[in-house]
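Visitor: Submitted below is the structure of interest, expressed as structure tokens.
No lab work stands behind these numbers, since they all come straight from the coordinates. Everything quoted here is computed from the prediction, not taken from an experiment. Note that we place each Cβ from the backbone using ideal geometry, even for glycine, and neighbour counts take in every protein chain shown.
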Amino acid sequence: MGQDKTISERLWAAAIWAGVLFFIVNFMAMIATVVINSFGTRWLGTWLPAGFTTRWYRSAWDEFQLADVLTTTFQVVGAVVLLSALFGVPAAYSLARRNFPGKQLVILLFLLPLMIPPITFGIPLATVLYQLGAGGTIWGVIIANLVPTVPFVILVMIPFIEQVDPRIEAAARVFGAGTGRLFVYVLVPLLAPGILAALLLVLVRTIAMFELTFFTAGPDSQTLVVALYYAVYAAGVRAGQSIDAMAVVYMITTLFWLLIALRFVDPTQMVARAKQEAAR
Amino acid sequence: MTHTADRLARAPQESAQDRTPWRVRLALHDIDGVTLLVVPAVLFVLGLFAYPFLYGLVLSFKPRAGDFLANYRKFFSDPFLYDTIYATLRLALPATIINVLISIPVALRVRKMHRRRLLTTILVIPITLGTVLIAEGLLNYLGPQGWLNRTLMLFGVISTPLRLVHNYTGVMLSLILSGFPFTFLLTLSYITGIDASLEQAAATLGAGARARFRHIVLPLLVQGLAVNFCLSFVQTFSVFPSAVLLGAPAGDTRVISIAAYQAAYEQYDASMASAIAMIMGFVQLAVVLLALAGRSLFYRGAAGGGKG
């Protein structure tokens, strides 16, 4: 569209960039206050804390039983990632390769858990899980988290699978490979980048998934984000710096995996997938 | 089509293994071993998403006391309960509209940018960190001794700290902070889907920036914006952690999810909680349907500029 010409257009562009900058600066400052506070000794009525220390990390580690919480978090996340791949990838393959009657209905079924917010379906789901005896256990947390991640893996994988040339599969079948061998020797190696991307996104989403875990977790099955919520909720019981130390641990856990994920996926993919399906 | 070729290659082989014609007949409708791979996932979503939803719906009509509509009658006769709908809409509608409206000019500008990926990466961070962390961060940052108030006082904009947390403002700011990146990335993906040559053609014919936006980009974008509005709205409508942590959960940010939570986990009334969850879903659905009905008033057509 060429260069901006008139003064009003330039002013408009400058105003937009100023707005974007304002947003980012405020966001960064918000993160910075959390990090600085977690290292501060005392911070009252000044720009920066009176002194710096790392002791809040030790006290947060003990007070909030972070070792247990982190173990639970990684058990939940690991199980969710593995199970959503086992359910999701074969289903995506079926949807990518076959045009069976009722396929649109099946896709709609997979879209709903992604479009309906977890708060809305979380309470009925938690009720059912408690009745089955899974509520309050780590399995309840894993099952609840799988509800949005299985459809997520399916919808992310379908376009990846459609890119694979079906003649490669036909060739494997001619040489006598069954569906199982086809998956192990042909599809999984070809789809590795797509599977990796989908699973990393599932991983990041599950670490940050608050609502479903909050509704189904018992005292021994809290993940990091739920433990953080309870700590902030009961602020005043513990030192603020201790809570912020835990918040930093949470941020590092999330951002570490996010950075890895971003090496494999375009950020817009993280939100755009559901919308592409919805727009049809 | 590839499906047909695939099927022709497969059908004789399978019928040779198993001479029952029903398999061939099913295969002609694309139902075979591969199709069955979708079954575990379908059963999973049916069992753990559809069933709980229907179970919740049925449960909501089986209250602890009274006839089958007692829960709903209680909800709509108690201002402490029915006001939560208003409190939620009062947060969710402005936050969504602000986010969608701001995202349009920013996305129009950003699509011309060369290093778009850096900006989108920065914007993905608030989405990833989630509302709980943003609530904790904003409690520090917006508090009376926080950097924002200190900066405003330094420049003499205000003389006493603004009260920005534990009220409506705090929740609204957190909804914008956590919601804007999501809305923006969706708008950006819609805007980049509009063929730039359409605008170039208009510019060649002498249309200014405003005219191009008004007559070309906006009509093509309305469909996407409606979907974007719906997705963003249901996210903000289900606000829970920030309404509790940053708002006044007993006062003017007592949103509907708080009422549902209290019914389920403080009064242990699963039936009432389900009823509130169903009302929540119904209000979301109503707003979404209104938005989608609104979009049909506008142009529907291809956003591409291909020949023919």
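Visitor: Check every DSSP H run in chain B and write down those whose alpha carbon atoms cover 20 angstrom or more along the long axis and whose mean Kyte-Doolittle hydropathy is -0.5 or greater. Show your work: numbers first, answer last.
Guide: Values: long enough: B:2-17 (23 Å, -1.19); B:79-110 (45 Å, 1.30); B:116-141 (31 Å, 1.24); B:168-192 (35 Å, 1.44); B:218-237 (27 Å, 1.51); B:270-295 (37 Å, 1.83).
Those that clear 20 Å and a mean of -0.5 are B:79-110, B:116-141, B:168-192, B:218-237, B:270-295.
Visitor: Given the peptides A:127-136, A:191-200, arrange them by the average over their residues of other C-beta atoms within 10 Å, most packed first.
Guide: Values: A:127-136: 17.4, A:191-200: 19.1.
Result, highest mean first: A:191-200, A:127-136.
Visitor: Between A:MET157, A:MET115, A:MET209, where does the largest GNM mean-square fluctuation fall for chain A, given springs only between Cα atoms within less than 10 Å?
Guide: Comparing A:MET157, A:MET115, A:MET209 in a Gaussian network model of chain A, the most mobile one is A:MET115.
Visitor: Compute the longest continuous run of chain B that contains no exposed trypsin sites (Lys or Arg not before Pro); treat a site as exposed when its DSSP state is not H, G, I, E or B and it has at most 13 other Cβ atoms within 10 Å.
Guide: Details: sites that count: B:ARG19, B:ARG64, B:LYS112, B:ARG115, B:ARG163, B:ARG300, B:LYS307.
Here the longest segment lacking exposed loop sites spans B:164-299.
Visitor: What is the distance in Å between the Cα centres of the stretch A:61-107 and the stretch A:114-140?
Guide: 15
Visitor: I would also like to ask the following. With +1 on each Lys and Arg Cβ and -1 on each Asp and Glu Cβ, and nothing else charged, work out how big the dipole of the stretch B:183-308 is about its Cα centre, in Debye to the nearest 20.
Guide: On the way: 7 positive and 5 negative charges, 130 e Å.
The calculation lands at about 620 debye.
Visitor: Among the trypsin sites (Lys or Arg not before Pro) in the stretch A:1-67, which ones are in a DSSP loop with at most 16 other Cβ atoms within 10 Å of the Cβ? Mind listing them?
Guide: For trypsin sites (Lys or Arg not before Pro) across the stretch A:1-67 that sit outside H, G, I, E and B with at most 16 neighbouring Cβ atoms in 10 Å, the list reads A:LYS5, A:ARG42.
Visitor: Test of understanding: in a Gaussian network model of chain B with alpha carbons linked when under 10 Å, which of B:LEU142, B:LEU177, B:LEU297 would top the mean-square fluctuation ranking?
Guide: Of B:LEU142, B:LEU177, B:LEU297, the Gaussian network model singles out B:LEU297 as fluctuating most.
Visitor: How many Cβ atoms of partner chains, on average, are near each residue of A:92-105 if near means within 10 Å of its Cβ? Let's see the in-between values first.
Guide: Values: counts 3, 4, 11, 4, 1, 7, 13, 7, 9, 3, 2, 3, 0, 1.
Average per residue, whole number: 5.
Visitor: Picking from B:THR120, B:THR88, B:THR187, which is most flexible by a Gaussian network model of chain B using Cα springs under 10 Å?
Guide: Between B:THR120, B:THR88, B:THR187, it is B:THR120 that shows the largest mean-square fluctuation.
Visitor: Something else about it: Can you compute the label reach from A:ALA235? Point 7 Å from Cα along the Cβ direction, backbone N cut-off under 16 Å, restricted to the stretch B:139-155.
Guide: What the label zone holds, given the 16 Å backbone N cut-off, is B:139-150.
Visitor: Would you be so kind as to identify which of A:LEU201, A:LEU190, A:ILE142 lies farthest towards the positive end of the dipole of chain A, taking Lys and Arg as +1 and Asp and Glu as -1 on Cβ and the Cα centre as origin?
Guide: A:LEU190
Visitor: Scanning chain A for helices, which whole DSSP H stretches are 24 Å or more long along the axis (Cα) and average -0.5 or more by Kyte-Doolittle?
Guide: Working: long enough: A:7-39 (47 Å, 1.61); A:66-97 (45 Å, 1.42); A:138-163 (37 Å, 1.83); A:188-208 (30 Å, 2.22); A:240-264 (36 Å, 1.42).
Long hydrophobic helices here: A:7-39, A:66-97, A:138-163, A:188-208, A:240-264.
Visitor: While we're on this one: Please report, in debye to the nearest 20, how large the charge dipole of the protein assembly as shown is about its Cα centre when each Lys and Arg carries +1 at its beta carbon and each Asp and Glu carries -1 there.
Guide: Numbers: 42 positive and 27 negative charges, 299 e Å.
The dipole magnitude comes to about 1440 debye.
Visitor: State the Cα centre-to-centre distance between the stretch B:106-122 and the stretch B:221-294 in whole Å.
Guide: Here the two parts' Cα centres lie 31 Å apart.
Visitor: Right, another one. Diagonalise the Cα gyration tensor of the stretch A:7-53 and give the resulting equivalent ellipsoid semi-axes, square root of 5 times each eigenvalue, largest first, whole Å.
Guide: Details: eigenvalues 255, 18, 6 Å².
Gyration-tensor ellipsoid for the stretch A:7-53: 36, 9, 6 Å.
Visitor: Around A:GLY40, which amide H atoms from residues at least 5 apart in sequence, or from another chain, sit under 5 Å from its own amide H, with H modelled in the peptide plane?
Guide: A:THR53
Visitor: Given Cβ point charges of +1 (Lys, Arg) and -1 (Asp, Glu) and nothing else, what value in debye, to the nearest 20, does the dipole of chain B about its Cα centre take? Intermediate values should be presented prior to the final figure.
Guide: Numbers: 25 positive and 14 negative charges, 209 e Å.
Charge dipole of chain B: 1000 debye, to the nearest 20.
Visitor: If a/c stays under 1.5 just call it rounded; otherwise compare a/b with b/c (prolate if a/b is bigger, oblate if not). Do that for chain B, with a ≥ b ≥ c from the square roots of the Cα gyration tensor eigenvalues.
Guide: Working: a/c = 2.21, a/b = 1.18, b/c = 1.87.
It comes out oblate by the Cα gyration axes.
Visitor: Can you show me the helix-derived [θ] at 222 nm for chain A, built from DSSP H runs with n ≥ 4 at -39,500 (n - 2.57) apiece and divided by the number of residues, rounded to the nearest 500. Could the numbers behind the result be given before it?
Guide: Values: 13 runs with 212 residues, N = 280.
So the helix-based figure for chain A works out to -25000 deg cm²/dmol.
Visitor: In percent, how large is the relative contact order of chain A, given Cα pairs closer than 8 Å and 6 or more residues apart?
Guide: Details: 264 pairs, mean separation 77.9, N = 280.
Answer for chain A is 28 percent.
Visitor: With r as the distance between the Cβ atoms of B:ALA293 and A:GLN163 and R0 = 45 Å, compute the FRET efficiency 1/(1 + (r/R0)^6) and round to 0.05. If you can, show how the numbers build up before the last one.
Guide: Details: r = 36 Å, r/R0 = 0.80.
Once rounded, the FRET efficiency stands at 0.80.
Visitor: Mind giving me the FRET efficiency for A:LEU44 and A:LEU259? R0 is 51 Å, r the Cβ-Cβ distance, nearest 0.05 is fine.
Guide: Working: r = 34 Å, r/R0 = 0.67.
Once rounded, the FRET efficiency stands at 0.90.
Visitor: Arrange the following residues from fewest to most other Cβ atoms within 10 Å of their Cβ: A:ASP266, B:ASP67. Don't skip to the answer; put the middle values down first.
Guide: Details: A:ASP266 15, B:ASP67 9.
In increasing order of surrounding Cβ atoms, one gets B:ASP67, A:ASP266.
Visitor: Cross-link candidates for B:LYS112: which aspartates and glutamates have Cα within less than 12 Å, leaving aside residues fewer than 8 places away along the same chain?
Guide: Counting by Cα, and skipping residues close in sequence, B:LYS112 has these aspartates and glutamates nearby: A:ASP4.
Visitor: While we're on this one: Would you please classify the overall shape of the stretch B:165-224 from the alpha carbon gyration tensor, given that a ≥ b ≥ c denote the square roots of the eigenvalues, rounded means a/c under 1.5, and beyond that prolate means a/b larger than b/c while oblate covers the rest?
Guide: Numbers: a/c = 4.28, a/b = 2.74, b/c = 1.56.
Here the stretch B:165-224 falls in the prolate category.
Visitor: Got the relative contact order for the stretch A:137-247 handy, in percent, Cα pairs under 8 Å and 6 or more residues apart? Mind showing how you got there, number by number?
Guide: Numbers: 60 pairs, mean separation 42.2, N = 111.
Relative contact order of the stretch A:137-247: 38 percent.
Visitor: Then there's this: Where in chain B lies the longest segment free of chymotrypsin sites (Phe, Trp or Tyr not before Pro) that are both loop residues by DSSP (not H, G, I, E, B) and have at most 16 other Cβ atoms within 10 Å?
Guide: Numbers: sites that count: B:PHE61, B:PHE68, B:PHE155, B:TYR268, B:PHE298, B:TYR299.
Within chain B, the longest run free of exposed chymotrypsin sites (Phe, Trp or Tyr not before Pro) spans B:156-267.
Visitor: Once the dipole of the protein assembly as shown is set up with Lys and Arg at +1 and Asp and Glu at -1 on Cβ about the Cα centre, which of A:LEU11, B:THR169, B:LEU285 lies farthest towards its positive end?
Guide: The residue sitting most towards the positive pole is A:LEU11.
Visitor: Same structure, new question: Tell me, what ³J(HN,Hα) does each residue in the stretch B:242-254 have, in order and in whole Hz, if you take phi through Karplus 6.51 cos²θ - 1.76 cosθ + 1.60 with θ = phi - 60° and put x for Gly and Pro?
Guide: Calculated HN-Hα couplings, in order: 6, 5, 7, 7, 9, x, 10, x, 9, x, 7, 10, 6 Hz.
Visitor: Farthest toward the dipole's positive end in the protein assembly as shown, which of A:ALA126, B:GLN223, B:ALA202, given Cβ charges of +1 (Lys, Arg) and -1 (Asp, Glu) about the Cα centre?
Guide: B:ALA202
Visitor: Continuing with this model, one more query. Relative contact order of chain B, please, whole-number percent, based on alpha carbon pairs below 8 angstrom and at least 6 residues apart.
Guide: Numbers: 306 pairs, mean separation 76.4, N = 308.
In percent, rounded to a whole number, it is 25.
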